[in-house]
Amino acid sequence: MTEATLAKVLPEAPEVAAAADLRAGGVRWYRRLLRNRNVVIGAAIFLLLVLAAALAGALSTHNPTRLYPANRLKPPGVENYLGTDEFGRDVYSLVLHGARISLVVGGVTMLFTSLGGIVIGLIAGYYRRLDIVIMRVMDGLMAFPAILLAIALMAARGPGVWNVIFALSVVYMPRTAMLIRSTVLSLRELDYVQAARALGRHDLAIAFRHILPNCVGPMLVQGTFIFAYAVLAEAILGFLGVGVPPYVPSWGNVIASGKNVIREAFWVSLFPGIALTLAGLSLNLLGDGLRDTLDPRLRVQG
Amino acid sequence: MTSYLVRRLFALLPVMAVVVTIVFFIIHLIPGDPVSVMLGPDATIAQIDETRRALGLDRPIHEQLAKFYARILRGDLGRSYFLDRPVTTALWERAEPTIVLTLFALFVAVAIGVPSGIVAAAYPGSMWDRILMLGALLGVCIPGFWLSLNFIYLFAVRLGWLPAAGYASFFTDPVAAFRYMVLPAVSLGFNQSALIARISRSCMLEVLQQDYIRTARAKGLSQRTVVYVHAFRNALVPVVAVIGITMAILIGGAVVTEIVFNIPGLGRLIISAILRRDYPVVQGVVLVTAATYVLINLLVDMVYAFIDPRIRYD
């Protein structure tokens with residue numbers, strides 16, 4: 001998808017030349033992305049995490065949910081690569097399976113915030129009367145410290161993967177909505193959008209043909225950062241005991257169980273934390289790199 | 001300045017109204033019947049009905065919302081059944097550790113972040129710039145709560161320099177209080193110092209490209225004088241705004257840090273309230289932190305408008 005969509009990010013790309021530009025422009029963007037060191041390193045680490053999550057079943061040496069009380073708090077070694085926790089679960093297998101939860105929560109939250117943000121942002125950008133109401137609600141949602149609002153929502157909904165995704169989507173969606181709205185507001189005054197309107201195009205057609213393609217770049221950048229926040233927030237909720245249920249192997253849950261045994265077994269919390277840091281690092285590198293590549297204005301500052 | 005303040009205060013009213021409404025609806029997000037969830041499986045039908053009436057949950061929703069607003073305006077956040085006292089009292093008892101922790105962490109974040117950003121920007125592309133910005137990138141990515149655990153393992157368990165967890169009030173035992181506060185404040189502030197470093201760097205770089213800086217250079221001033229005397233003040237203006245955002249993230253982060261270090265603040269209060277299904281306390285903590293955050297942002301904007309008069313007249 002990168003070649004086609006990224007090419008559309010070109011601000012104010014004239015409609016007529018778009019088709020011709022797409023192919024040439026696509027290659028240019030693709031190359032520029034590959035030349036950006038942040039993007040390459042970020043994508044490489046992220047790909048590793050995706051592979052670890054996808055192949056968690058095959059790569060695991062133990063069943064991550066099976067308890068072996070006799071085997072508790074074993075240090076890293078040949079039998080258990082990264083040691084065992086207080087219940088005798090294999091930390092290596094837990095970390096691999098934890099990647100699944102993290103990536104699913106992060107990815108689906110990114111998807112939901114993008115979709116919700118597009119709908120709400122478009123409505124707010126188009127209808128000035130609704131805009132006032134919608135923006136006050138968004139301001140209100142953003143007035144909460146993010147993690148506290150997520151905690152409060154989890155308090156009401158109870159533990160569970162879908163509830164975590166719901167809570168984080170509510171918390172981060174206003175940011176996407178604001179982004180789409182401001183893009184709509186700046187684009188709707190441009191000549192080519194005015195021209196499309198003068199031609200009698202339907203509002204929705206204008207939105208999909210002329211406005212949304214220009215949002216793809218900024219949304220991709222923001223989505224990457226939201227992915228990173230969501231992975232971290234999921235771990236924090238799990239750590240606090242209000243995220244996914246404690247028996248589900250997630251990085252936050254494993255770090256929480258490592259907290260209880262930090263004096264005897266530092267490895268229980270160390271390794272899931274490293275995985276969490278790597279996930280954050282890869283997404284932040286990707287986000288920074290995408291922003292530098294997609295927004296030429298920022299590149300000048302080096 | 002006064003008219004700006006009045007305008008900003010009025011702009012806060014709708015935001016606070018939305019905040020109160022969201023907090024009100026938290027109870028209604030509970031799946032099924034909130035009252036049976038609150039009272040647990042052992043409650044009788046009579047008890048459930050009585051509590052429902054006592055909480056006003058048997059009334060139509062708009063009536064409940066109106067009552068909720070009226071209560072909040074009177075400063076009444078409800079009553080905690082579990083703690084057997086008004087929510088406001090419970091919040092007041094637990095506020096001190098959270099405030100102290102947040103302020104200490106803010107100090108750490110600014111003390112590390114601003115100098116790092118300025119030095120990195122003063123010599124862009126240099127070895128210092130690279131090292132500091134790599135550190136800032138890592139600082140953004142390392143989860144604070146996990147860093148706390150590593151700090152506890154290293155400085156408390158292994159080296160024994162500092163206590164692993166606990167809290168003492170600065171009013172009773174300042175020395176112990178300080179020793180308890182070092183690890184939580186550093187691990188909470190470290191993430192934010194990275195953000196502040198990145199932003200001070202980019203602000204500084206922007207200021208350094210302006211004409212008056214070129215003039216200063218042209219008249220033969222050294223890089224040091226240009227950066228620290230001419231550019232510093234202007235570069236700090238946007239950083240002040242970031243401190244507002246930082247405060248908000250720190251309040252949220254304090255909740256997590258309190259759990260790691262067993263600090264009896266608002267974070268411990270809300271988490272234990274969740275486990276006891278003590279929803280008035282959950283609502284109270286969330287409402288008060290959101291209101292605090294809104295007020296801090298107002299304060300920051302005031303400071304911002306005071307430092308940079310251009311903002312008042314837009």
Worksheet entry | Meets criteria (surrounded by fewer than 16 Cβ atoms within 10 Å (Cβ to Cβ), free of Cβ contacts under 8 Å to residues at least 12 places away in the same chain and either away from chain B (no Cβ under 14 Å) or charged (D, E, K, R) (or both)) for A:Leu185 | no
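Is it the case that some residue within region A:216-228 is out of contact with any strand residue (DSSP E or B) (no Cβ under 7 Å at 6 or more places or on another chain), within 30 Å of A:Asn284 (Cβ to Cβ) and aromatic (Phe, Trp, Tyr)? Full working, then the answer.
We begin by selecting, within region A:216-228, every residue out of contact with any strand residue (DSSP E or B) (no Cβ under 7 Å at 6 or more places or on another chain); these are A:216-228.
Those left that are additionally within 30 Å of A:Asn284 (Cβ to Cβ): A:216-228.
Next, from what is left, pick out any that are aromatic (Phe, Trp, Tyr): A:225, A:227.
So far as region A:216-228 goes, yes, one or more of its residues are out of contact with any strand residue (DSSP E or B) (no Cβ under 7 Å at 6 or more places or on another chain), within 30 Å of A:Asn284 (Cβ to Cβ) and aromatic (Phe, Trp, Tyr).
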Worksheet item: Residues of region A:129-140 being at the interface with chain B (Cβ under 7 Å from one of its Cβ atoms) and either surrounded by fewer than 20 Cβ atoms within 10 Å (Cβ to Cβ) or outside any helix (DSSP H, G or I) (or both), which ones?
Response: A:Arg136, A:Val137, A:Asp139
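Restricting to region B:15-67, count the residues that are part of a helix (DSSP H, G or I) and over 19 Å from A:Phe144 (Cα atoms).
Here is the first cut: in region B:15-67, the ones part of a helix (DSSP H, G or I) are B:15-29, B:34-39, B:45-55, B:61-67.
Filter again for over 19 Å from A:Phe144 (Cα atoms), leaving B:34-39, B:45-55, B:61-67.
Qualifying residue count, region B:15-67: 24.
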Item to complete: For residues that are over 26 Å from A:Ile132 (Cα atoms) and among the small types (Gly, Ala, Ser), scanning just region A:153-196, find the one that is farthest from the chain's Cα centre (by Cα).
Response: A:Ala195
Response to the item:
Of the candidates A:Leu232, A:Leu199, A:Leu220, the one satisfying the condition of being more than 11 Å from the chain's Cα centre (by Cα) and not aromatic (Phe, Trp, Tyr) is A:Leu199
Worksheet item: Can we say B:Ala66 is farther than 30 Å from B:Val15 by Cβ and out of contact with any helix residue (DSSP H, G or I) (no Cβ under 8 Å at 6 or more places or on another chain)?
Response: no
Worksheet item: In region A:251-269, what residues are facing chain B (nearest Cβ under 7 Å), part of a helix (DSSP H, G or I) and surrounded by fewer than 24 Cβ atoms within 10 Å (Cβ to Cβ)?
Response: A:Lys259
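Rundown of residues vs (1) within 12 Å of chain A (Cβ to nearest Cβ); (2) at pLDDT below 90, yes/no style:
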| site | (1), (2) |
| --- | --- |
| B:Leu221 | no, yes |
| B:Val229 | no, yes |
| B:Arg233 | no, yes |
| B:Val239 | no, yes |
| B:Ile251 | yes, yes |
| B:Thr257 | yes, no |
| B:Pro264 | no, no |
| B:Leu275 | yes, yes |
| B:Val281 | yes, no |
Response to the item:
Filter region B:238-262 for residues that are in contact (Cβ under 8 Å) with a residue 40 or more places away in the chain and not aliphatic (A, V, I, L, M); the one that is surrounded by the fewest Cβ atoms within 10 Å (Cβ to Cβ) is B:Asn262
Discussion item. Give me the residue from region B:208-224 that is farther than 21 Å from B:Ile196 by Cβ and surrounded by 13 or more Cβ atoms within 10 Å (Cβ to Cβ) and, out of that set, nearest to the chain's Cα centre (by Cα).
Written reply: B:Gln210
Discussion item. Pairs needed: first member in region B:119-143, in a helix (DSSP H, G or I); second member anywhere, charged (D, E, K, R); C-beta distance under 6 Å; at least 6 residues apart or different chains.
Written reply: B:Ala120/B:Asp129; B:Ala120/B:Arg201; B:Ala121/B:Arg201; B:Ala136/B:Arg198
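May I ask you to list the residues in region A:119-133 that are in contact (Cβ under 8 Å) with a residue 40 or more places away in the chain and within 17 Å of A:Phe166 (Cα to Cα)?
Start the filter on region A:119-133 by keeping residues that are in contact (Cβ under 8 Å) with a residue 40 or more places away in the chain, which leaves A:120-122, A:124-126, A:131.
Selection gives A:Ile120 alone.
This table checks each residue for (1) away from chain A (no Cβ under 14 Å); (2) among the aromatic types (Phe, Trp, Tyr); (3) at negative phi.
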position: B:Phe10; (1), (2), (3): no, yes, yes
position: B:Val15; (1), (2), (3): no, no, yes
position: B:Val23; (1), (2), (3): no, no, yes
position: B:Met38; (1), (2), (3): no, no, yes
position: B:Gln47; (1), (2), (3): yes, no, yes
Fill in: Single match in A:Gly88, A:Gly83, A:Gly98 (criterion: within 15 Å of A:Leu270 (Cβ to Cβ) and at pLDDT below 90)
A:Gly83
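Yes or no: A:Val248 part of a helix (DSSP H, G or I), more than 14 Å from chain B (Cβ to nearest Cβ), β-branched (Val, Ile, Thr) and surrounded by fewer than 21 Cβ atoms within 10 Å (Cβ to Cβ)? Walk me through it before giving the result.
Working: part of a helix (DSSP H, G or I): no; more than 14 Å from chain B (Cβ to nearest Cβ): yes; β-branched (Val, Ile, Thr): yes; surrounded by fewer than 21 Cβ atoms within 10 Å (Cβ to Cβ): yes.
Spelling it out, it is not the case that A:Val248 is part of a helix (DSSP H, G or I), more than 14 Å from chain B (Cβ to nearest Cβ), β-branched (Val, Ile, Thr) and surrounded by fewer than 21 Cβ atoms within 10 Å (Cβ to Cβ).
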Response to the item:
Exception for B:Glu93 within (1) in a helix (DSSP H, G or I); (2) closer than 19 Å to B:Ile27 by Cα; (3) free of Cβ contacts under 8 Å to residues at least 40 places away in the same chain falls at (2)
Response to the item:
Picked from region B:100-128 (must be within 12 Å of another protein chain (Cβ to nearest Cβ) and crowded, with 19+ Cβ neighbours inside 10 Å), the residue modelled with the lowest pLDDT is B:Ala121
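Going by what's in this entry, would B:Ala216 be described as without any contact (Cβ under 8 Å) to a residue 60 or more places away in the chain and either over 24 Å from B:Phe104 (Cα atoms) or assigned to a helix (DSSP H, G or I) (or both)?
Working: without any contact (Cβ under 8 Å) to a residue 60 or more places away in the chain: yes; either over 24 Å from B:Phe104 (Cα atoms) or assigned to a helix (DSSP H, G or I) (or both): yes.
In short, yes.
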Discussion item. Looking at region B:20-39, can you tell me whether even one residue there is without any contact (Cβ under 8 Å) to a residue 12 or more places away in the chain and farther than 19 Å from A:Leu153 by Cβ?
Written reply: no
Worksheet item: Could you say whether any residue in region B:156-177 is within 12 Å of another protein chain (Cβ to nearest Cβ) and under 24 Å from the mean Cα position of the chain (by Cα)?
Response: yes
Worksheet item: Checking A:Leu115 against (1) within 10 Å of chain B (Cβ to nearest Cβ); (2) surrounded by fewer than 20 Cβ atoms within 10 Å (Cβ to Cβ); (3) modelled with pLDDT of 90 or more, which single condition isn't satisfied?
Response: (1)
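The values are calculated or read from the model by the stated rules, or taken from the named source; none is laboratory data. Just so it is clear, the structure is predicted and the values come from calculations on it, not from any experiment. Here Cβ is always computed from backbone atoms with ideal geometry, including for glycine, and neighbour counts include all displayed protein chains.
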